[in-house]
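Just below is one structure, and these are the notes that go with it.
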Amino acid sequence: MDVARAKFRSKINLSDAYEQIHIVAEDVWKTVFAAPYGMFVSEVMQQGDTNTPSTFQRLMTAMFRDCISRFVHVYLDDIFVFSNTKEEHEEHLRIVFQKLREAQLFLSC
């Protein structure tokens, strides 16, 4: 189905998307940065980290692999859901929300 021809469309944005993804313990040392009051590390992905966008896109693509092009498109932290009928759209949104719930990813309000 083509998004442009769909009668029902929703755009879902994840809240602080990158910061919701934890870095594996053995790689946390790679996030060290210096500030006037000391050195710090991050246990979650941050905007500006080298591989953050590609890693996040890979996660989203894998998570929605069975939905992409059928009724979902994903681009980084944006999820586009499209359908032809209201009932179909409600079901598609339920599927998307369930996948997000299982992955423990949270939405923007």
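The values are calculated or read from the model by the stated rules, or taken from the named source; none is laboratory data. The model shown is predicted, which means the values in this text are computed figures rather than measured ones. When we count neighbours, we look across all protein chains shown, and the Cβ atoms used for this are built from the backbone with ideal geometry, even at glycine.
Take Phe56 and decide whether it is within 25 Å of Leu93 (Cβ to Cβ) and either at pLDDT below 95 or in contact with a helix residue (DSSP H, G or I) (Cβ under 9 Å, 6 or more places away or on another chain) (or both). Judged against the criteria, Phe56 is a match.
For the stretch 1-50, filtered to residues that are closer than 27 Å to Asp66 by Cα and aromatic (Phe, Trp, Tyr), the residue that is modelled with the highest pLDDT is Phe8. Restricted to the stretch 52-109, and to residues there that are of a type in the set (Phe, Trp, Tyr) and assigned to a strand (DSSP E or B), the residue that is farthest from Val3 (Cα to Cα) is Tyr75. Screening the candidates Tyr18, Tyr75 for the property of being within 20 Å of Phe106 (Cα to Cα), in contact with an Asp or Glu (Cβ under 9 Å, 6 or more places away or on another chain) and of a type in the set (Ser, Thr, Tyr) yields one hit, Tyr18. May I ask you to verify whether Lys99 is within 11 Å of the chain's Cα centre (by Cα), surrounded by 10 or more Cβ atoms within 10 Å (Cβ to Cβ), modelled with pLDDT of 95 or more and basic (Lys, Arg)? For Lys99, the condition - within 11 Å of the chain's Cα centre (by Cα), surrounded by 10 or more Cβ atoms within 10 Å (Cβ to Cβ), modelled with pLDDT of 95 or more and basic (Lys, Arg) - is met.
With respect to Asn13, is the statement that it is free of Cβ contacts under 8 Å to residues at least 40 places away in the same chain, within 21 Å of the chain's Cα centre (by Cα) and either exposed (fewer than 15 other Cβ atoms within 10 Å of the Cβ) or over 23 Å from Ser108 (Cβ atoms) (or both) true? No: the conditions fail for Asn13.
Every listed requirement among (1) under 17 Å from Leu107 (Cα atoms); (2) exposed (fewer than 12 other Cβ atoms within 10 Å of the Cβ) is met by Gly48 save one, (1).
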